[in-house]
Amino acid sequence: MENGDTPQIITHIEHNLNHCLFDCKWIPCSAKFVVIGSLPKGSGTLEIFEINSGELRKIKEIERPNSFKCGTFGASSDIERKLATGDFKGALEIWDLEKSGQIYITKEHTDIINSIDGMGGNTLNCGAPEIVTGSRDGTVKVWDPRQRGKPVANMQPVQGETRRDCWAVAFGNSFNDAERIVIAGYDNGDLKMFDLRTMSLRWECNLKNGVCYTEFDRKDIPMNKLVATTLEGKFHVFDLRTQNPSKGFAQVLDNSSKSGTIWVARHVPQNRDLFLTCAGNGQVSLWKYEYPEQRYHVDSQGVAVGVPGKLRRLQRMVISSQPINSLEWNRDHLGLAVATAYDQYVRVLVTTKLNLQ
Amino acid sequence: MDKVYKIQRQARDNVNTLQTYLTDLQNWEIEMKRKEAALNGDFVQDLPPVRSKARKDKPVQVKKQPEKRITGSDYSAWAKFDVNKACEEVDMADLGPVSLDSKKSQSAKAEKLKEEGRYEKERGNNFVKQEKWDEAISCYNRAIELVKDDAIFYANRGLCYLKKDSLHQAETDCTEALRLEPTYVKALQRRATARERLGSLRAASRDLAAVLLHEPHNAAARRQLEAIKARMGTKGAKSKSSPLSTPTNESKPVVTNPPSPAKIVELPSEPVKKELSPLEKWRNGVGENITVIRPVKKPPHLRSRRALKHVPIQEVPLGRNAHDKAPTRMKIIEINDNMSHGDSNNNDSNKITEKIIETTPHCDGDKKINMKITEHVNVNEVVQNMVPPVNSVQFMAEWKYLKGNNHARSDYLSIIEPTKLPSIFENALESDVLSELLYTLCNNKDKFRNKTISAYLKGLCKVKRFSALAMFLTNSDKNLLNDMLSHCKDVENLSDNEIADLTNKYEL
């Protein structure tokens, strides 16, 4: 309440479901979203809801024998709107939601797919449509929906090394047809950046706690910022514009919240410097990254070193009694978001005055 | 107190913003539903290749540093900039792969061009079948542009030029085709035809001989060769020999080979020695004080560049010198005068004749003398000068010219074959002319003794639309006709049937 321009985070709609929820995604170009979850008996569900003047209306429900864990529309065009899902058994499926049928299924992972991200479906000149999946089996695989059965790229530890559980994957730096980067976070706190053009590991670091979620501020620009959230209420923001050969990227760490695991961090699609973190105590926090005056300086050896900016918390609000495990901003409407939590509620959140920031 | 108020206002503001936001949201929902309904149909996207496949040809598309753009202000760089090379590069980019240096792509390109050339040839051949020579020529032009070393294209274009009577071009094309393929029989035959029509018979016969060498059973070529040999024998190959027949010129293109001056000199020199026909004499202006102007036969680029001189044109009648001009009516009367008044070469003969003519209708005695005289004169002079007309215009001109001279008219009429009357008059006979004709016929019966009056009458009534003319015959005309019919009956022994027929026709 410091001044009148503070954004407000309000729960617009709360809808209780009778099963566990893992992920939620807006269907592009619509007022509908998909909720991905699993029933107590172990089967997976895909439910489509439509917001209808302050109410949620369930349009469709798809049930499958295996629990779904995550999903994305990123590799599909706005007209086709095919949902790619990863399930507990390691199968990647692509769904035609209109016809309620799979159009693609492959099971290359041997264990649960924890995280999925898609890219290239509706952005022109930003590369091929691709899906990246991170699994408990320790591998990160990149898929092209046009190539059946086999991943187009596979990142796994060399023979003999322990396989770490991959918790988070994300695409980024895809500003033309060739360039693309995959970032992967592991349970031991490793954060690895793979360059898909050169097929090499570009950068890695350890964040000391398991990486729960990671996201670029934008996928289709030369990489600018990266957020990685970890256990024990911490998250890191990296400035990716300047990579120092010895020090890597400049970063800013926030561990002020003491709110348990930070499950999700999502950037506002309309403003890349604002992002929302969802914590284990059901709290959502809106942050603003403030750039330093100079984003890099030249050190004594004559090499550019990035300068981290500052984080400012704009608003926080407890909206749930249980951890919020997923959240997505709507691409078409500023301030509209949908979130799922372990309290079996799906919530439509409204954030006002985002445009003033 | 102040703080409490502030908080209250803040809360109210927030509620207001939320309210507007929610209204917005509702509108948005409606709009999204409408948008979504419009979202259907196929979505085609130009996508990059699948990564694993793209990797295979990655070494090929090695990341080339894009050439540095030259900024507008960098004048020194622009000074070094090779515009021609840049243009060429742009052109080449249009043509095909940039890597022209690689042999594979070059042969592929040649193959592609050949394919294009063949396509154009096919089109050209179709036009030839439809006898559209110009279109066919443009097709072959394109084909030749694409593929420069195909004899067929040249030979086919040669054929088109031959059909268009562009003989020199035809010959050049055939020569080019033969240079590329010396045993191309069709090209040889076409060149022979072109040369034959150009007049270089010897070269043509040599070509045909070559054809027969390759194809001894080519009947067409044999026939053509024989025809040419016959021409050479009669006309004398020596006069027609052209520089083309020299072997050195054989392979040279002869687009601009005008008839050499030697030929022109040679041609008239020979026949002059012989007896010239009158027409030939007139053509060369023999015995006349004139310079004969001949048509220029030089190709445009060899002609003089000086401005043309203005030459006043004088009309000279055919086959006569300027001083013995064609006789006119004046002359006839002169003789007439001489006969009646003895020799008088005076200048006022015109007046005298006028008097005579004026007096003729009045004094019968004079008239008879005059008529007899004119009869003689007419037989000698007028008929000699007069030619029977072939159409009504000629007839009317002469007829009007002889107006008032009844004898001349009758003479004129007597030289006309009566059966030709319908074809002369067609449908231009008018009633007043008919009346005059009848009058002339009736008054000079003895002149038509040979051809008979009845023949004329029959001829006249065969003229088109005669029935209409017969309706307008005057009473005097009818009297004349009756007179003539009785004459026919008595003198010319016409049968009753024929008389009745004529009576019917003339509606008497």
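For the reader, a short list of remarks on this structure follows.
- Residue A:84 vs. criteria closer than 25 Å to residue A:136 by Cβ, touching a residue at least 60 places away in the same chain (Cβ under 8 Å) and within 13 Å of chain B (Cβ to nearest Cβ): no
- The range A:161-183, subset under 19 Å from residue A:232 (Cα atoms) and touching a Cys at 6+ places or on another chain (Cβ under 7 Å), residue surrounded by the fewest Cβ atoms within 10 Å (Cβ to Cβ): A:167
- Of all residues in the range A:314-338 being touching a Cys at 6+ places or on another chain (Cβ under 9 Å) and either surrounded by fewer than 18 Cβ atoms within 10 Å (Cβ to Cβ) or within 14 Å of chain B (Cβ to nearest Cβ) (or both), the one that is farthest from residue A:256 (Cα to Cα): A:332
- The residues on offer are A:112, A:131, A:103, A:183, and the sole one that is closer than 26 Å to residue A:241 by Cβ and either more than 10 Å from every other protein chain (Cβ to nearest Cβ) or of a type in the set (D, E, K, R) (or both) is A:183.
- Every residue from the range A:286-311 that is surrounded by 13 or more Cβ atoms within 10 Å (Cβ to Cβ) and within 23 Å of residue A:335 (Cα to Cα): A:286, A:287, A:288, A:289, A:291, A:311
- Condition met for residue A:341 (among the aliphatic types (A, V, I, L, M), closer than 30 Å to residue B:30 by Cβ and within 14 Å of another protein chain (Cβ to nearest Cβ)): no
- All positions within the range A:203-224 that are in contact (Cβ under 8 Å) with a residue 40 or more places away in the chain and in a strand (DSSP E or B): A:203, A:205, A:211, A:212, A:213, A:214, A:215, A:216
- Test: residue A:169 is among the aliphatic types (A, V, I, L, M) and in contact with a strand residue (DSSP E or B) (Cβ under 8 Å, 6 or more places away or on another chain): yes
- Strands (runs of 3 or more DSSP E) (entirely within the range A:32-87) containing at least 1 residues that are farther than 16 Å from residue A:325 by Cα and touching a helix residue (DSSP H, G or I) at 6+ places or on another chain (Cβ under 9 Å): A:32-38, A:44-52
- Out of B:145, B:120, B:111, B:176, one residue alone is in contact with a Pro (Cβ under 8 Å, 6 or more places away or on another chain), assigned to a helix (DSSP H, G or I) and either under 23 Å from residue B:230 (Cα atoms) or acidic (Asp, Glu) (or both). It is B:176.
- Only one of the numbered conditions (1) within 12 Å of another protein chain (Cβ to nearest Cβ); (2) surrounded by 19 or more Cβ atoms within 10 Å (Cβ to Cβ); (3) out of contact with any Pro (no Cβ under 9 Å at 6 or more places or on another chain) is not met by residue A:355, and that is (2).
- Near pairs, Cβ below 7 angstrom, 6+ apart or cross-chain, from the range A:149-162 (closer than 17 Å to residue A:198 by Cβ) to any residue that is β-branched (Val, Ile, Thr): A:152/A:142; A:152/B:50; A:153/A:142; A:154/A:139; A:155/A:139; A:155/A:140
- Inter-residue pairs, beta-carbon under 6 Å, first without any contact (Cβ under 8 Å) to a residue 24 or more places away in the chain and in the range B:110-121, second exposed (fewer than 14 other Cβ atoms within 10 Å of the Cβ), 6+ apart: none
- Residue in the range A:40-61 that is on the phi > 0 side of the Ramachandran plot, surrounded by fewer than 23 Cβ atoms within 10 Å (Cβ to Cβ) and within 11 Å of chain B (Cβ to nearest Cβ) present: yes
- Exactly one residue out of A:152, A:158 is surrounded by fewer than 17 Cβ atoms within 10 Å (Cβ to Cβ), aliphatic (A, V, I, L, M) and more than 14 Å from the chain's Cα centre (by Cα), and it is A:158.
- If the condition is being in contact with a Lys or Arg (Cβ under 7 Å, 6 or more places away or on another chain) and closer than 14 Å to residue A:143 by Cβ, then the range A:87-96 contributes A:90, A:91, A:94.
No value in this document is a laboratory result; all are computed from the given coordinates. Computed from a predicted structure; not experimentally measured. Note that each Cβ is placed from the backbone with ideal geometry, even for glycine, and that neighbours are counted across all protein chains shown.
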